[in-house]
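**Q** Sharing a structure with you now.
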Amino acid sequence: MDFNPLPKDVISAKARRTTEPPIAWLMRMPFDDPQIISLAAGFVDQESLPAEEVAECVHEILAVEKNRSALQYGTSQGFFPLRQEVSRILERQGAGKSVSPDEILLTAGSQQILHLVTDVLINEGDIVLVEDPTYFVYMGTLQAAGARVIGVPVDDEGILPEALEDKIRFLERSAGLENLKLVYLMTYFQNPTGACTAWHRKERLLEILRNHCDLGRTTFIIEDAAYKELRFEGGEIPYLKALDRDNSSVVLTGSFSKSFSPGLRVGFGYLPRPLLEHVLRQKGNEDFGSSNFCQHIVRQAIITGRYAKHVEMLKAKYRAKRDLMLECLARYFPHEVEVIRPLGGLYLWASLPRGLNTGARGQLFREATQKKVLYVPGELCYCEEPGIEKPTNNLRISFGMVTEDNIVEGMARLGEAVSQVLR
Ligand SMILES: Cc1ncc(COP(=O)(O)O)c(C=O)c1O
């Protein structure tokens with residue numbers, strides 16, 4: 001957005017490092033021109049948002065139970081009965097044998113935990129290893145914190161262990177390993193590639209990190225499982241957190257945004273206790289508790305079975321939308337285009353022949369915007385590292401918010417744009 005920035009010496013160092021999110025302009029475009037079909041937005045399906053379920057939960061909390069405390073401030077750590085529910089869910093899903101509600105934190109979306117953990121651990125110049133490509137919003141958080149972000153390549157089974165070991169050895173040689181504070185992984189239906197981290201990879205990468213780093217003291221792992229509930233195909237893969245038996249090294253983050261309602265914005269984390277204590281102090285200063293009312297609503301949805309039912313319905317919905325998008329890809333796109341077939345989540349990651357540029361200044365993006373269809377240029381999801389050239393031939397498209405009709409129309413337009421550029 002055009003604005004007159006304040007003088008550099010007036011704003012903080014952090015504010016100086018904080019640039020406009022790379023896709024803010026992309027997200028604004030459909031609002032400026034409603035004819036545009038956005039396959040770029042990572043929003044959830046609008047039609048299936050749980051309006052009736054939330055209305056019933058609110059009625060039960062306020063009218064039936066007359067629970068005024070739901071409208072009072074809550075605590076920094078979050079509504080205890082919801083923390084109990086989250087502990088039970090995580091135990092059932094095998095995140096740990098006995099997950100204490102005292103080790104659970106509730107936040108305004110899991111984004112807030114990413115932010116708080118970063119605030120607690122990262123000084124300017126500290127190192128964070130991320131999957132490459134990775135979640136661009138978190139890259140912004142890291143950039144603002146002054147972190148040095150190093151990417152580790154991924155494939156359709158998640159991060160490549162050999163590449164991780166190479167990067168770590170490089171840090172050892174360059175005396176940077178003691179500054180490695182975080183390894184950030186999205187282990188389920190990664191944003192943007194849609195890939196899950198295979199179990200054997202989780203075992204191997206933890207082994208590598210344990211061998212080389214002081215895990216749980218100077219280096220922590222974030223396992224971001226924001227999309228975990230949205231598996232519509234294939235068998236479950238246990239959490240990486242399951243390998244952190246003493247809850248010392250892995251911060252597991254999860255969310256009710258994708259599986260229920262991002263408008264309620266309730267996220268959770270299962271954190272090593274010492275780290276949790278620091279995070280709670282930070283959160284005490286920041287907001288001394290996220291929305292208590294929203295936490296009551298989510299808990300009500302869980303204990304009445306509405307949440308589980310909703311998740312089942314969503315899986316069928318997204319599976320159908322993914323299938324439709326893949327069908328359209330086969331029908332409208334040149335056969336050279338490759339895609340990772342996601343077994344859950346909201347995204348398709350497509351690769352065009354090498355040399356073809358999907359970037360915002362490239363011909364494909366121009367053609368696509370002329371045809372009024374948007375995608376996320378893959379280059380925005382790779383971290384910038386001096387001297388390392390990143391692929392420029394990928395794009396992220398989402399079947400989350402877009403309607404079925406617009407999937408067909410949007411994919412036809414985008415396929416035509418790709419064909420034109422290839423010709
Ligand atoms: C990988 C990933 N992590 C975390 C989040 C944050 O979600 P929320 O803060 O709504 O829980 C998102 C949102 O899109 C995401 O894609």
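**Q** Got the relative contact order for the stretch 100-187 handy, in percent, Cα pairs under 8 Å and 6 or more residues apart?
**A** Averaging sequence separation for qualifying contacts and normalising by length gives 32 percent for the stretch 100-187.
**Q** Once each part is reduced to its C-alpha centroid, what is the distance from the stretch 208-263 to the stretch 1-59 in angstrom?
**A** Spelled out, the Cα-based centre of one part sits 26 Å from the other.
**Q** Of GLY158, SER110, ASN211, which is farthest along the charge dipole of the chain in the positive direction, counting Lys and Arg as +1 and Asp and Glu as -1 at C-beta?
**A** Comparing the listed Cα positions along the dipole, SER110 ranks first.
**Q** Rounding to the nearest 20 debye, state how big the charge dipole of the stretch 14-96 is about its Cα centre with +1 on each Lys and Arg Cβ and -1 on each Asp and Glu Cβ.
**A** Computed about the Cα centre, the dipole is about 740 debye.
**Q** Here's a follow-up. Give the relative contact order (percent, whole number) for the chain; include only Cα pairs under 8 Å separated by 6+ residues.
**A** 23 percent
**Q** Please work out the FRET efficiency for the pair GLN35 and GLN420, using the Cβ-Cβ distance as r and a Förster radius of 25 Å; give the result to the nearest 0.05.
**A** FRET efficiency, GLN35 to GLN420: 0.85.
**Q** Where in the stretch 111-150 does the label zone of ALA24 land, with the point 7 angstrom along Cα→C-beta and an amide N cut-off under 16 Å?
**A** The answer is 136-145, whose backbone nitrogens lie closer than 16 Å to the label point.
**Q** Please go through the residue pairs LYS14/LYS283; LYS181/LYS317; LYS181/LYS321 and name each one whose alpha carbons sit more than 30 Å apart in this structure.
**A** Table pairs above 30 Å Cα-Cα are LYS181/LYS317; LYS181/LYS321.
**Q** Quick one: P(r) of the chain from all Cα-Cα pairs, 20 Å bins, percents rounded to integers, in order of increasing distance.
**A** Taking all Cα pairs of the chain, the binned fractions are 25, 58, 17, 0 percent.
**Q** Turning to a different aspect of this structure: Show me the ranking of peptides 158-164, 221-227 by mean Cβ neighbours inside 10 Å, starting with the highest.
**A** 221-227, 158-164
**Q** In debye to the nearest 20, how big a dipole does the chain give about its Cα centre with +1 on each Lys and Arg Cβ and -1 on each Asp and Glu Cβ?
**A** 300 debye
**Q** If packing is taken as the average count of other Cβ atoms within 10 Å, what order do 197-207, 380-390 fall into, highest mean first?
**A** Ranked from most to least packed, the peptides come out as 197-207, 380-390.
**Q** Between ARG361 and ALA63, what length in nm is gained on full extension when 0.36 nm per residue of separation is reduced by their alpha carbon distance?
**A** 101.8 nm
**Q** Length gain on complete extension for the stretch LEU71 to GLU277, per 0.36 nm per residue less the alpha carbon to alpha carbon distance?
**A** 71.6 nm
**Q** Show which lysines lie in cross-link reach of LYS315 when reach means a straight Cα distance below 17 angstrom and same-chain residues fewer than eight apart are skipped.
**A** Partners within reach: LYS228, LYS258.
**Q** Picking from PHE365, HIS59, PHE268, whose Cα lies most toward the positive end of the charge dipole for the chain (charges on Cβ: Lys, Arg +1; Asp, Glu -1)?
**A** Going by the Cα projections, it comes out as HIS59.
**Q** Give the aspartates and glutamates whose C-alpha is closer than 14 Å to that of LYS371, dropping any in the same chain fewer than 8 places away, or say none.
**A** ASP33, GLU409, GLU416
**Q** Starting with the highest mean, order 232-239, 102-109 by the number of other Cβ atoms within 10 Å, averaged over the residues of each peptide.
**A** Packing order, densest peptide first, comes out as 102-109, 232-239.
**Q** Also, quick follow-up: Only bridges with both residues in the stretch 52-306 count here: give the DSSP antiparallel percent, nearest 5.
**A** 35 percent
**Q** May I ask you to compute the full-extension gain from LEU49 to LYS97, defined as 0.36 nm times their residue separation minus their alpha-carbon distance, rounded to one decimal in nm?
**A** Taking LEU49 through LYS97 to full extension adds about 14.0 nm, to one decimal.
None of the figures in this text is laboratory data; all of them are computed from the coordinates on show. Remember, predicted model here, so these are calculated numbers, not experimental data. Using ideal geometry, Cβ is built from the backbone for each residue, glycine included, and neighbour counts are taken over all protein chains shown.
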